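Each remark here refers to the structure printed beneath this line.
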Amino acid sequence: MNEKITSLQASALIMFAIVPTGILLVPGAVVGVAGQNAWLSVLAGMVISVGLAILVGIVCRQYQDAPFLQWIEQRCGRLVAALLGLYLTRYYMTTAAVTLREFTNFISEEIMPNTPELLLKIIIMLVVVYAVIQGIETIVRVNIVIFFISVVLMFMGLFLIGENIEIRNLLPIWEGTPMSFMHGALLTLAWLSEVSLLLILGPYLRKNSPLIRTGIVGVMMAGSGILITVIVAMATFGNKITQMLTFPSFVIVSLVEIGSFLERLEIVFISLWIMTMYVKLAVFLFGAAHCFISAFKLETERLFILLLGLLILLTSQYSWANTAEFHRFTLMLGTPDLFASNIVLPLVIGVVLVVSSLWSKRVEGSG
Amino acid sequence: MRKQGARLLASVMLCMLLTGCWDRTELNELGITAATSVDKIGDNWIVSYQLIIPSAISTLSGGGAGGISPITVHSTKARTIREAVAKSKLESPRQLYFAHNRILVVSERAARYGLSSLIDVYFRLPNSRETVSMLITEGSPVRILRQLMSIQPISGQGVQQIISNESRSYSLLPHVKLYKFAMNIVGDARAGVMPEILVSGSPNVDAVNQMGETNQPSRLKLGRLAVFKSDRFYGWFSQRESFGVSFLTDEVNQASISFNCGGGSDQQGGMNSAVTLTRSQTKVKPHIVDGHLQMEVHVKSAGMLEETVCTDNLQDPKVIKRMEGSIQKEINGIIMAAWEACKRDKVDVLGFAGAVHRKYPKQWKRMKQNWDQEFASADLKLTVDFKLERIGVSNKSFKSLEEPEGE
């Protein structure tokens, strides 16, 4: 708990815990369910996620200087803290395994189809485990460098793809059903709900950091990244082709052709995206390690980080036989898991807080 | 110190493992494809590849004697497109590399069968480019790939430059990229277009020794405009009709238009003057009047006089006004030719379906069931506004100087 990070660093970290897989998979998925209304669905998902960021910020305020699970232990007892620690360790590990799978799926499908995925996973996890062992401060410092490069490249990318964009492809609006619109919004919310990472990051923030603002800024930056990607994908390809593409963001960049000397720029963006995926994986491995170590008050951190990394690697490699099975898992189990762990859990904690403070007031009053 | 040295050595050694792993490919193991063609005969797809021979190109650019063709063409045949591509390994020492493929030529036969599987391959495989330029040809497309060009050693690249320059500075035929074609045929109108490429003249120029002459007996040339309903070829539009399609879809950048300047100076038959359109903009507004669809099209363009034999005073605003009227009439005729062709074939390659969908989303749900019929029975309300902004650096026509003085 000696390490301290700034509010901007934490917001950028939340952003990159969401954006790498968000820009890769959300456009195709949301356009698939919400059709022409996809960009409005993303906007609605963003608005709801701001509410979630506020809730998480309020919960975080209660224990700003102590680790989350230590605070739970004080409020609810040792057993509840240990069980919650195990649950959160499982959640962060599952998300890391899914992220690792998405990462290697992309590398295999787009860049290196002949290299065994296991080898790619081993190389990736070695780097990630090393980063987590160095601590959260190291991760956020690397992340902030990537953040500034990303902002510059994003504006450059928008400028370059400008000529392929046709805004009329976004029209007409409000064409689908309210159900499909809400489905799209909830799908976006599931991704943005990872703002609950603030529960873990909160105590690492410098004293008196604005926790609610940190969460809101993080979720708004991530949401904006996804929104821009969806709008650009739809304006470039229309909603039908966007639905068909697994990774529309990179296909958009591959359309850039300036004369015959500047083309196939997607590799520049893929390189940057690979960096952000390392950050995302490091954040989730850090979350798993943090929960496991503080739930059981362990002292040998390095060994457990290594073991958790190995477990994530094996889960990612052997849990799903093929891409179709993996997509089914993320849709049927992954999304409900995101809702349960990132939305229901902070809500339950919030309710417990309110009830317990009311109870203690009542006890004081009757005493 | 020793520990740091060991770490540094370990890092360097680890880097050796990261040289591309199983996907390592040397440049001299690749067969770089500049053009591809697809044909369909019976149940088989015939895929042909125009491969670049880098050593022959360097000989040509270095002013060497040449003698070796800068490209080589071969074909493979199989039941699916990818199986045909895989079969190339039976005869090519190099692995085919499609990332620099410039053009994709489909035969009319393949286009009549349907291009869905071809488009699927392009969207599915990361190696292929969705920006490849699509062209169609009558007969065997391999003839297009074999034809050599005198100016551009790699003819695939040359054809791509032709269509790119033409669409930018002449606007008769559109430059159709694969992803745009795919978007159009799955769009509201479910129709698309593709320019024709053909070998004009005979015999084919497919040997380097034929390139020594100043005039080759045959050359690659753009032709008509192919029209597609869904992924299948439907028919041909003439170049004039195609030009009209360019106007109606707002794809005219620059163009050259011949016209009659009027005023009794019609010495050379119909057309005696020419303008270059320097800009043009088309706005399409659909209206539903008493349940009937009416498309309001307004074309606003401007240009510069480039040729005339009119003896009138070109600095007289009345003369300019009269010329503008003639050009407007000519543009009107070009657009109406395209409109009549679209109505004749009941094919909406003009994007009107999208405009109706955007403006009347509720009515569109009914109209889309029978769009081709609705489209064919629609009315076109066309207005053309042309401004002749410049007359060049000559105030009078040369013809006016030939007339005797004092008359």
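General remarks:
- Taking amide H as placed 1.01 Å from N in the peptide plane, the amide H of B:Glu296 sits under 5 Å from that of B:Lys285, B:His287, B:Lys381, each at least 5 places away or on another chain.
- Test item: Cα-centred dipole of the stretch B:241-400, Lys/Arg +1 and Asp/Glu -1 on Cβ, debye: 580 debye
- Of all beta bridges that DSSP places with both ends in the protein assembly as shown, some 70 percent have antiparallel geometry.
- Over the C-alpha atoms of the stretch A:54-204, the Rg to Rh ratio, Rh being the Kirkwood estimate, stands at 1.04.
- Longest DSSP-loop-exposure-free segment, chymotrypsin sites (Phe, Trp or Tyr not before Pro), chain A, at most 13 other Cβ within 10 Å: A:1-173
- Within the stretch B:187-216: backbone nitrogen closer than 12 Å to the B:Ser150 label point (7 Å, Cα to C-beta): B:210-216
- Of all beta bridges that DSSP places with both ends in chain B, some 70 percent have antiparallel geometry.
- For the stretch B:241-400, the share of DSSP beta bridges that are antiparallel, to the nearest 5, is 65%.
- Descending Cα extents along the principal axes, the stretch B:36-167, whole Å: 45, 38, 29
- Computed FRET value (nearest 0.05) for B:Thr80 with A:Leu303, which takes r as the C-beta separation and R₀ as 60 Å: 0.70
- Less than 5 angstrom separates the built amide H of B:Gly31 from those of B:Gln95, B:Leu96, B:Tyr97, all sequence-distant by 5 or more or on a different chain.
- Applying the criteria of a DSSP loop state and at most 10 other Cβ atoms within 10 Å to the GluC sites (Glu not before Pro) of the stretch A:295-341 yields A:Glu299.
- Gyration tensor verdict on the stretch B:112-269 (Cα atoms; rounded if a/c is under 1.5, prolate if a/b is larger than b/c, oblate otherwise): oblate
- Simple spin-label estimate for B:Gln254 and B:Leu27 gives 3.5 nm between the two label positions (7 Å along the Cα-to-Cβ direction from each Cα).
- Separation of the alpha carbons by more than 29 angstrom is noted, of B:Lys300/B:Lys359; A:Lys4/A:Lys297; B:Lys362/B:Lys387; B:Lys300/B:Lys365; A:Lys280/B:Lys180; B:Lys346/B:Lys381, for B:Lys362/B:Lys387; B:Lys300/B:Lys365; A:Lys280/B:Lys180.
- Compactness check for the protein assembly as shown: Cα Rg over 2.2 N^0.38 Å is 1.17.
- Neighbour net charge for B:His357 - beta-carbon separation under 15 angstrom, K R +1, D E -1: +4
- Computed over chain B with a Gaussian network model linking Cα atoms closer than 10 Å, the most mobile of B:Lys365, B:Lys229, B:Lys180 is B:Lys365.
- Of the residues B:Gln369, B:Gln161, B:Gln152, the one that moves most in a GNM of chain B with alpha-carbon contacts below 10 Å is B:Gln369.
- Charge dipole (Cα centre; +1 on Lys/Arg Cβ, -1 on Asp/Glu Cβ; no other charges) of the stretch B:27-237 amounts to roughly 320 debye.
- Computed FRET value (nearest 0.05) for A:Leu119 with B:Asp316, which takes r as the C-beta separation and R₀ as 51 Å: 0.05
- In summary, the helical segments of chain A meeting the span-like criteria, namely a full DSSP H run, a Cα extent along the axis of 30 angstrom or more and a mean Kyte-Doolittle hydropathy of at least 1.0, are A:7-34, A:38-61, A:136-161, A:211-244, A:266-295, A:345-366.
- Across the alpha-carbon set of chain B, the Rg to Rh ratio works out to 1.09, Rh being the Kirkwood radius.
- With R₀ set to 41 Å, the beta-carbon distance separating B:Leu90 from A:Ser224 gives a calculated FRET efficiency near 0.20.
- Converting phi to 3J(HN,Hα) with the Karplus coefficients 6.51, -1.76 and 1.60 and the offset θ = phi - 60°, the stretch B:36-41 yields 10, 10, 10, 10, 9, 10 Hz in sequence order, with x at every glycine or proline.
- Sorted ascending by nearby beta carbons within 10 Å, beginning with the fewest, B:Glu324, A:Glu266, B:Glu29 become B:Glu29, B:Glu324, A:Glu266.
- No Cys partner within the rule (Cβ under 4.7 Å), chain B: B:Cys15, B:Cys21, B:Cys342
- Student exercise, the protein assembly as shown dipole from Lys, Arg, Asp, Glu Cβ charges, in Debye to nearest 20: 2080 debye
- 25 °C / 0.890 mPa s Stokes-Einstein diffusion coefficient of the stretch A:7-366, Kirkwood radius on C-alpha pairs, µm²/s: 116 µm²/s
- With neighbours defined as other Cβ atoms within 10 Å of a residue's Cβ, the residues A:Ser260, B:Ser150, A:Ser254, B:Ser107 order from fewest to most as A:Ser260, B:Ser150, A:Ser254, B:Ser107.
- Stretchable slack from A:Ile258 to A:Val352, in nm (0.36 nm times residue separation minus alpha-carbon distance): 28.0 nm
- Packing-based exposure ordering (other Cβ within 10 Å, fewest first) of B:Glu374, B:Glu402, A:Glu117: B:Glu402, A:Glu117, B:Glu374
- Separation between Cα centres of the stretch A:240-260 and the stretch B:334-407, rounded to whole Å: 31 Å
- Within the stretch A:171-246, the trypsin sites (Lys or Arg not before Pro) that combine a DSSP coil assignment with at most 12 other C-beta atoms in a 10 angstrom radius are A:Arg206, A:Lys207.
A short reminder: the numbers here are calculations on the coordinates, not readings from a lab. Worth saying up front: this structure is predicted, and the values here are computed from it rather than measured. Reconstructed Cβ throughout: ideal geometry from the backbone, glycine too, with neighbour counts over all protein chains shown.
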